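Peer 1: The following block contains the structure, expressed as structure tokens.
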Amino acid sequence: MTSLTTATAPGGDGVPVVNEVTGLPGGVGAAARADRADALDAWLRRIFPARPGVALVAVGGLGRRQCAPYGDLDLVLLHAGVPGVDELAAALWYPIWDAGLRLDHSVRTVAEALSVAQDDVKVALGLLDARHVAGDQALTEQLARTATDHWRRTAIRQLPGLREITATRWEAHGELAFLLEGDLKEAAGGLRDVGILRAIATAGVTDALRPAVHAAHRRLLDTRDALHQQVGRRVDRLVAQERDGVAKLLGVDGGDALLRLIAGDARTVRHALDDAWRAADRLRSGRQRAASGRPVRRPVARDVVEQDGELVLARTAIGARPDPCLSLRVAAAAATTRLPIARATCEWLAAYCPPLPAPWPPAARAALITLLGAGPGLVPAWETCDRYGLIDGWLPEWTRMRSLPQHNPVHRFTLDRHLVQTAYEASRHARDVERPDLLLLGAFLHDIGKGLPGDHSTVGAPLAEAVATRIGLPPAEAALIGTLVRLHLLLPEVATRRDLSDPKTIAGVAGLVGDPGTLELLHALVRADAAATGPAAWSGWKGRLIADLVARVRTTLDTGVVPAPPAPDPALVAGPLPVVHLGEDRVSVAAADRRGLLATVAGCLALHRLEVISADAATVDGRALVECRVQPRYGLAPDPIALSADLRRAVAGDVSVTQRLRGRALAARSRGAAPRVVWHREAATDAVLLELRAADAAGLLYRVTCALDEAGAQVRAARIATLGGDVVDTFYLVGTDLPDERRAVVEAALLAAV
């Protein structure tokens with residue numbers, strides 16, 4: 001994009017001109033934004049074809065004098081019905097487009113502008129920012145004055161429609177406070193919402209623009225300025241690769257610190273807007289009054305009443321000595337009734353509610369469980385309490401976890417929101433377990449060790465146990481909470497990385513879990529954790545693998561007997577070779593026994609854009625059986641006829657298919673961090689486990705299995721786990737022992753292939 005400098009124009013008058021090299025005045029902060037507005041104003045006045053009864057009006061960022069380095073121009077050519085206005089507009093718009101500036105424009109009379117604003121609430125909000133740039137100033141003042149008066153008269157009627165539009169935008173863009181790559185403008189709590197607050201304040205509905213909101217707004221504008229300057233173009237989403245550069249421009253100590261600052265500011269804006277919506281609702285519906293003239297108050301819980309759609313304290317609670325459990329009871333009532341807590345009530349609780357003793361009284365613990373299990377009402381109630389510092393009084397550990405980024409690409413939320421979301425998701429499984437209270441606590445505390453050195457499951461277990469003890473759980477139950485935290489990744493890791501038909505796998509999990517009750521809690525926790533993490537953390541095949549593992553382990557715990565591995569598919573062990581069966585998510589092949597069959601099948605599947613999730617190889621009565629679970633790499637199912645034909649030719653040794661596979665594999669070698677090989681001895685009944693950690697790439701399994709085959713290692717089974725852009729592939733190599741020199745040869749061949 002080109003923009004403006006103060007270079008001298010050809011006429012020598014010294015006004016800013018468009019310069020295709022230097023761009024608009026750069027910099028971050030209010031002064032830099034004002035400089036950009038001044039430069040644009042001066043240039044627009046220069047190119048404006050002045051005529052009586054015509055004015056150039058700025059709205060949007062230029063209207064507010066909050067111009068981002070690569071922002072749009074929002075202009076209205078306002079006229080009093082003068083002839084030839086279309087030609088006048090063309091003479092103005094074309095130089096702007098020629099300068100490379102993005103332009104949102106309209107040509108209207110005052111009456112036309114007000115008519116559009118009456119039908120379109122977004123236009124009505126835009127006119128509140130109207131500012132004169134050039135031409136007939138009286139015309140601009142008439143529009144600005146009339147638009148503001150019209151908004152003040154009609155705002156109460158228009159706000160419900162604006163709220164519906166806002167909710168749709170939030171659903172599309174998420175909540176800025178909890179996103180790792182949020183849109184600074186469109187996400188909930190972003191710059192767009194500050195504009196809505198400004199409109200609500202203009203209407204006189206409430207004091208929406210409090211000092212904290214002003215400060216948050218300035219910092220969000222500064223962040224967007226720095227993002228534009230860092231990227232060199234208009235962009236509002238702060239992606240991971242730009243985070244450190246933006247932080248440096250802002251003088252912030254790193255990308256994580258920047259995310260936490262953004263989260264705090266977004267929360268301030270979002271909470272202010274929630275308060276403003278409620279004030280508008282009260283103004284529109286009117287306060288409910290009893291016959292005595294007093295507000296109607298409806299009891300909803302002990303010491304908590306509803307008044308005008310909000311929860312407030314009963315008069316007896318305020319007059320008496322405050323109960324340490326009171327803030328938790330109010331929060332639980334808000335979550336279960338899905339009613340907001342009044343701002344004054346939150347401020348009173350923060351100022352006067354005494355700290356909880358250790359251990360907590362049973363009433364406090366019951367209120368916490370009610371809060372965590374409240375379902376959809378949990379998140380808004382928790383956020384309100386966090387806004388006023390109540391959570392820190394309940395859980396001192398919360399300060400460390402608040403707005404902590406999670407850099408694993410499958411996570412969509414910051415740590416604090418992830419924990420609350422996991423508790424919400426766990427409430428959906430409350431009827432699946434014998435102790436739903438322990439499930440809710442385990443879900444809420446499962447990642448408490450994140451952000452500390454070491455494995456977060458191991459580090460978090462004693463921390464979670466200490467919290468459980470402090471809130472009053474007996475020692476055995478507190479220890480179980482620690483076990484849930486320590487083992488919360490056990491089921492998905494084993495299900496996706498180990499051979500579930502191996503008795504040693506099942507016996508190992510059963511030994512760690514210990515009893516059926518803990519197993520059902522872990523199973524529910526896994527599903528809640530995945531749902532709270534994001535879409536990439538769960539899939540149908542993963543759910544089936546985990547359910548299969550849980551069923552086998554439960555049988556072992558109930559009977560003491562490890563289930564026998566399933567028998568091969570009878571269709572594969574009979575009939576002429578080769579045999580190829582294609583299922584919904586399974587590919588089965590039977591062929592004459594020979595070396596490299598697994599590699600050939602894996603390569604052929606890669607050629608047809610199928611990812612292998614698991615693979616099993618066996619030899620029965622002289623024929624080799626290979627069974628693979630698969631999913632489309634790009635979501636597109638392959639042509640089954642072509643896939644079946646290629647598989648039959650490949651396993652029969654067709655050289656042309658093999659050459660195609662090798663050509664594709666060489667072109668698809670992965671790049672990035674160095675791969676790593678980890679060996680696991682005594683983890684399987686009849687094999688040594690080799691674990692490859694590397695960057696994901698098409699055809700990786702084919703290259704790896706070819707390398708293992710050429711190194712003389714026979715693969716009995718393979719489990720493929722994809723974590724974002726990386727994989728953890730586990731291979732069962734036949735034989736219970738592998739000398740160090742053989743391991744070195746296999747490892748070298750594997751790393752060379754990757």
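Peer 1: Select, from Arg33, Arg65, the only residue that is on the phi > 0 side of the Ramachandran plot and either of a type in the set (Asp, Glu) or at pLDDT 90 or above (or both). Step through it out loud before you land on a result.
Peer 2: Values: Arg33 fails: on the phi > 0 side of the Ramachandran plot.
Arg65 is the lone residue from the list that is on the phi > 0 side of the Ramachandran plot and either of a type in the set (Asp, Glu) or at pLDDT 90 or above (or both).
Peer 1: Take the stretch 99-123 and flag every residue that is in contact (Cβ under 8 Å) with a residue 60 or more places away in the chain and either farther than 23 Å from Ile165 by Cβ or in a helix (DSSP H, G or I) (or both).
Peer 2: Selection gives Ala99, Gly100, Leu101.
Peer 1: Kindly provide the set of residues from the stretch 694-727 that are small (Gly, Ala, Ser) and not in a strand (DSSP E or B), ordered by number.
Peer 2: Matches in the stretch 694-727: Ala697, Ala698, Gly699, Ala707, Ala711, Gly712, Ala713, Gly724, Gly725.
Peer 1: Can you go through Thr705, Thr722 and tell me which one is open to solvent by 10 Å² or more (accessible area, probe 1.4 Å) and of a type in the set (Ser, Thr, Tyr)? Walk me through it before giving the result.
Peer 2: Working: Thr705 fails: open to solvent by 10 Å² or more (accessible area, probe 1.4 Å).
Answer to the selection: Thr722.
Peer 1: May I pose another question? Just give me the residues in the stretch 374-391 being part of a loop (DSSP other than H, G, I, E, B) and on the phi > 0 side of the Ramachandran plot, in sequence order. Write out each step before concluding.
Peer 2: Our first condition is that a residue be part of a loop (DSSP other than H, G, I, E, B); within the stretch 374-391, this holds for 374, 388-389.
Passing the criteria: only Gly389.
Peer 1: Here's a follow-up. Give me the residue from the stretch 231-252 that is over 19 Å from the mean Cα position of the chain (by Cα) and either aromatic (Phe, Trp, Tyr) or modelled with pLDDT under 90 (or both) and, out of that set, most open to solvent (accessible area, probe 1.4 Å).
Peer 2: Arg233
One line per residue, one yes/no per condition, for (1) farther than 24 Å from Asp696 by Cβ; (2) of a type in the set (Lys, Arg); (3) open to solvent by less than 20 Å² (accessible area, probe 1.4 Å):
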position: Leu577; (1), (2), (3): yes, no, no
position: His581; (1), (2), (3): yes, no, no
position: Cys604; (1), (2), (3): no, no, yes
position: Ala615; (1), (2), (3): no, no, yes
position: Ala624; (1), (2), (3): yes, no, yes
position: Tyr634; (1), (2), (3): no, no, no
position: Leu647; (1), (2), (3): no, no, yes
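Peer 1: Suppose the filter is at pLDDT 85 or above and of a type outside the set (Val, Ile, Thr); does Ala668 pass it?
Peer 2: Taking the combined requirement at face value, the residue does not satisfy it.
Peer 1: OK, next. Do we find that Thr730 is hydroxyl-bearing (Ser, Thr, Tyr) and in a loop (DSSP other than H, G, I, E, B) in this structure? Write out each step before concluding.
Peer 2: Numbers: hydroxyl-bearing (Ser, Thr, Tyr): yes; in a loop (DSSP other than H, G, I, E, B): no.
No; evaluated as a whole, the condition is false for this residue.
Here's the yes/no breakdown for (1) touching a residue at least 60 places away in the same chain (Cβ under 8 Å); (2) assigned to a helix (DSSP H, G or I); (3) crowded, with 20+ Cβ neighbours inside 10 Å:
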{"position": "Pro357", "(1), (2), (3)": "no, no, no"}
{"position": "Gly393", "(1), (2), (3)": "yes, yes, no"}
{"position": "Thr399", "(1), (2), (3)": "no, yes, no"}
{"position": "His407", "(1), (2), (3)": "yes, no, no"}
{"position": "Leu440", "(1), (2), (3)": "yes, yes, yes"}
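Peer 1: Further question on the same structure: If you take the residues of the stretch 180-194 that are part of a helix (DSSP H, G or I) and touching a helix residue (DSSP H, G or I) at 6+ places or on another chain (Cβ under 6 Å), which of them is most open to solvent (accessible area, probe 1.4 Å)?
Peer 2: Per the criteria, the residue is Leu191.
Peer 1: What number of residues within the stretch 533-553 are under 21 Å from the mean Cα position of the chain (by Cα) and modelled with pLDDT of 95 or more?
Peer 2: Result for the stretch 533-553: 0.
Peer 1: Mind checking which residues of the stretch 135-179 are over 22 Å from Ala117 (Cα atoms), open to solvent by less than 20 Å² (accessible area, probe 1.4 Å) and of a type outside the set (Gly, Ala, Ser)?
Peer 2: Leu176, Phe178
Peer 1: Another question about this same structure. From the list Leu610, Leu597, Leu572, pick out the single residue that is of a type outside the set (Ser, Thr, Tyr) and under 40 Å from the mean Cα position of the chain (by Cα). It would help to see each step written out before you state the result.
Peer 2: Values: Leu597 fails: under 40 Å from the mean Cα position of the chain (by Cα); Leu572 fails: under 40 Å from the mean Cα position of the chain (by Cα).
Just a single option satisfies the conditions, and that option is Leu610.
Peer 1: How many of the residues making up the stretch 681-693 are assigned to a loop (DSSP other than H, G, I, E, B) and under 18 Å from Val745 (Cα atoms)?
Peer 2: Matching residues across the stretch 681-693 total 1.
Peer 1: Considering Val239, Val252, which residue is more than 15 Å from Ala177 (Cβ to Cβ), free of Cβ contacts under 8 Å to residues at least 12 places away in the same chain and hydrophobic (A, V, I, L, M, F, W, C)?
Peer 2: Going through Val239, Val252 in turn, just one is more than 15 Å from Ala177 (Cβ to Cβ), free of Cβ contacts under 8 Å to residues at least 12 places away in the same chain and hydrophobic (A, V, I, L, M, F, W, C): Val252.
Peer 1: Does Ala215 qualify as being under 22 Å from the mean Cα position of the chain (by Cα) and over 20 Å from Gly60 (Cβ atoms)?
Peer 2: Considered against the rule, which asks whether it is under 22 Å from the mean Cα position of the chain (by Cα) and over 20 Å from Gly60 (Cβ atoms), Ala215 comes out as no.
Peer 1: While we're on this one: So which pairs qualify, if the first residue must be in the stretch 553-582 and more than 20 Å from Val601 (Cβ to Cβ) and free of Cβ contacts under 8 Å to residues at least 40 places away in the same chain, the second must be among the β-branched types (Val, Ile, Thr) and assigned to a helix (DSSP H, G or I), the Cβ gap must be under 8 Å, and the two must be at least 6 apart or on different chains?
Peer 2: Filtered contacts from the stretch 553-582: Val561/Thr555.
Peer 1: In addition: Restricting the first residue to the stretch 75-94 and requiring it to be free of Cβ contacts under 8 Å to residues at least 40 places away in the same chain and closer than 22 Å to Trp43 by Cβ, which pairs with a second residue that is open to solvent by 50 Å² or more (accessible area, probe 1.4 Å) and charged (D, E, K, R) meet a Cβ separation below 7 Å and a spacing of at least six or different chains?
Peer 2: Within 7 Å, the pairs are Leu88/Arg51.
Peer 1: Restricting the first residue to the stretch 261-278 and requiring it to be in contact (Cβ under 8 Å) with a residue 24 or more places away in the chain, which pairs with a second residue that is open to solvent by 40 Å² or more (accessible area, probe 1.4 Å) and in a helix (DSSP H, G or I) meet a Cβ separation below 7 Å and a spacing of at least six or different chains?
Peer 2: Leu261/Arg219; Asp265/Arg219; Arg267/Arg387; Thr268/Ala212; His271/Arg387; Asp275/Arg343; Trp277/Arg163
Here is a yes/no grid of residues against (1) closer than 20 Å to Ala381 by Cα; (2) among the aromatic types (Phe, Trp, Tyr); (3) touching a helix residue (DSSP H, G or I) at 6+ places or on another chain (Cβ under 7 Å):
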| site | (1), (2), (3) |
| --- | --- |
| Thr414 | yes, no, yes |
| Ala423 | yes, no, yes |
| Ser427 | yes, no, yes |
| Arg431 | no, no, no |
| Glu434 | no, no, yes |
| Gly451 | no, no, yes |
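Peer 1: Related question: Name every residue in the stretch 86-124 that is open to solvent by 30 Å² or more (accessible area, probe 1.4 Å), out of contact with any strand residue (DSSP E or B) (no Cβ under 8 Å at 6 or more places or on another chain) and within 26 Å of Gly195 (Cα to Cα), in order of residue number.
Peer 2: Within the stretch 86-124, Ala111, Glu112, Leu114, Ser115, Gln118, Asp119, Asp120, Lys122, Val123 meet the criteria.
Peer 1: What about Ala134, is it more than 22 Å from Arg45 (Cβ to Cβ) and touching a residue at least 24 places away in the same chain (Cβ under 8 Å)?
Peer 2: When the stated conditions are applied, Ala134 does not pass them.
Peer 1: Out of the residues in the stretch 452-484 that are of a type in the set (A, V, I, L, M) and in contact with a Pro (Cβ under 9 Å, 6 or more places away or on another chain), state the one that is most open to solvent (accessible area, probe 1.4 Å).
Peer 2: Val459
Peer 1: Taking the condition of being part of a helix (DSSP H, G or I) and buried (at least 17 other Cβ atoms within 10 Å of the Cβ), how many residues in the stretch 319-336 meet it?
Peer 2: 11
Peer 1: Same structure again: Determine which member of the set Val620, Val657 is surrounded by 11 or more Cβ atoms within 10 Å (Cβ to Cβ), modelled with pLDDT under 85 and within 16 Å of Ala571 (Cβ to Cβ).
Peer 2: Val620
The values are calculated or read from the model by the stated rules, or taken from the named source; none is laboratory data. Quick caveat, the model's predicted, so the values are computed rather than measured. Cβ sites come from the backbone with ideal geometry, for glycine too, and all protein chains shown count toward neighbours. Surface accessibility is based on the protein's heavy atoms, side chains included, excluding ligands, DNA and RNA. Shrake-Rupley method; radii C 1.70, N 1.55, O 1.52, S 1.80 Å.
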